[in-house]
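The values are calculated or read from the model by the stated rules, or taken from the named source; none is laboratory data. The shown structure was predicted, so the numbers you read here are calculated from the model rather than taken from an experiment. A quick note on method: Cβ atoms are made from the backbone with ideal geometry, for glycine too, and the neighbour counts reach across all protein chains shown. Each accessible area value is taken on the protein alone, full model and side chains, heavy atoms only, with ligands, DNA and RNA left out. Shrake-Rupley method; radii C 1.70, N 1.55, O 1.52, S 1.80 Å.
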Amino acid sequence: MITQTSISYYGLGYVEHAEADFREMKAHGVTQVILAVTEFDFDFWRPSIPAIVDKARELGLRVLIDPWGSGKYFGGEQVSKFLQDNVENRQVSALTGERLPYACFNTNSYRDYFRNFCTTLARECRPDGFFWDEPHYAFPKGIASITGGVADDWTCYCPVCRKRFEDYYGYPMPRYMTNDVKQFRWREALVVLSDTSKALKEIDPKLEITCCVHATQNGYYVSEYRGYDNWDMVGACPYFDVFSTTIVNWALPEDFYLDITRRTVAIAKKYGKQSERWLMGYYKQPKDFSQVGRWVDLAAAEGVDRLAAWTYRGGYGTVVGAPDALKLWDTIGENYKRVVSR
Ligand SMILES: [Zn+2]
């Protein structure tokens, strides 16, 4: 049974404009807005954010804060103030040693920065929760094939990660991705999210945490190894309430979407969480718009608890807008209204 239908929203400026957009979301069957708060928003639009959260809630929408693209560690198109202000604490390529434009989330510098960002917003606003949006290591992101990996390079080989690895395992961090390196990356990747989620629940136990990871196959031959591909480890984190997996392009086979959906629900059930599946509500659209309804029905039939789509108005007016952005938005809205039960 679909109990929540979400849409993401970046329009964090003027509360009266946001109000009109929230009313439009309500008319599209949306129950929950995922506020994409950038590092720039946090620094510049801070006075507006609590007012916007309050307005959404006043209109009957739940609100989750998404630290959108923070450190370029989370998914998203925006720029990172952390990277602008810090020349250290970046992820480093294991093979070339180059410092990359991604914050290393295993450094205390970024961990402190991120926790402060979230706990400050939790204290100043009254959101229903937070949304961890596609957290990831920079590499690899290529899909390996059965004939070998296309993504041999990986992160993070920065001084902090290397020292922590050596302190734990008692030998220098290899440049090749061994089983110890995989385990180290999975374990360390969860620390920043667990610690911040725990800190948020200490501020308000009712704050709900959704962790949304990449929708990857994670099979015998193919895995992305971006840090959150071990779904059992993510699902087992006691501070997460909702296990969510990201968007699958409409052009991919329905079997792939079905497989991701089934495994998402299975992990959520195994660890006593709610499950959430995302729909592509920007950039690309199905050849036949009835596919939206079919994939929504498929998710509901498989026992998904929540549906979500990126983004408000199909990305209208941005470089990632769908060709018929407003039609895609309307189609998602019609389907949200059809299936949501509250
Ligand atoms: Zn590192």
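Within region 148-171, identify whether any single residue is small (G, A, S), buried (at least 22 other Cβ atoms within 10 Å of the Cβ), modelled with pLDDT under 95 and in a loop (DSSP other than H, G, I, E, B), and answer yes or no.
No - not one qualifying residue is present in region 148-171.
Criterion first (of a type in the set (F, W, Y), closer than 29 Å to E188 by Cβ and either open to solvent by less than 10 Å² (accessible area, probe 1.4 Å) or more than 16 Å from the ligand (Cβ to nearest atom) (or both)) does F105 satisfy it? Explain how you work it out, then say what you get.
Working: of a type in the set (F, W, Y): yes; closer than 29 Å to E188 by Cβ: yes; either open to solvent by less than 10 Å² (accessible area, probe 1.4 Å) or more than 16 Å from the ligand (Cβ to nearest atom) (or both): yes.
Yes, satisfied.
Specify the residue that is nearest to R111 (Cα to Cα); the eligible residues are those in region 154-176 that are more than 8 Å from the ligand (Cβ to nearest atom) and among the aromatic types (F, W, Y).
F165
Restricting region 30-64 to residues that are of a type in the set (F, W, Y) and open to solvent by 40 Å² or more (accessible area, probe 1.4 Å), which is farthest from E124 (Cα to Cα)?
In this case the residue turns out to be F40.
What is the number of the single condition among (1) among the small types (G, A, S); (2) within 13 Å of the ligand (Cβ to nearest atom); (3) in contact with a Gly (Cβ under 6 Å, 6 or more places away or on another chain) that S80 does not meet?
Among (1) among the small types (G, A, S); (2) within 13 Å of the ligand (Cβ to nearest atom); (3) in contact with a Gly (Cβ under 6 Å, 6 or more places away or on another chain), S80 violates only (2).
Would you be able to tell me the number of residues in region 247-256 that are under 17 Å from G75 (Cβ atoms) and surrounded by 20 or more Cβ atoms within 10 Å (Cβ to Cβ)?
2
If T216 meets every condition in (1) over 30 Å from N116 (Cβ atoms); (2) at pLDDT below 95; (3) open to solvent by 20 Å² or more (accessible area, probe 1.4 Å); (4) assigned to a loop (DSSP other than H, G, I, E, B) apart from one, which number is that one?
(3)
Can you name the residue in region 1-29 that is open to solvent by 10 Å² or more (accessible area, probe 1.4 Å) and of a type in the set (V, I, T) and is also farthest from V79 (Cα to Cα) among such residues?
Among them, the one singled out is T3.
Take the residues in region 219-232 that are touching a residue at least 40 places away in the same chain (Cβ under 8 Å) and open to solvent by 50 Å² or more (accessible area, probe 1.4 Å), then tell me which one is farthest from the chain's Cα centre (by Cα).
Y221
Exactly one of (1) within 22 Å of the chain's Cα centre (by Cα); (2) within 15 Å of the ligand (Cβ to nearest atom) is unmet by Q183. Its number?
Among (1) within 22 Å of the chain's Cα centre (by Cα); (2) within 15 Å of the ligand (Cβ to nearest atom), the lone unmet condition for Q183 is (2).
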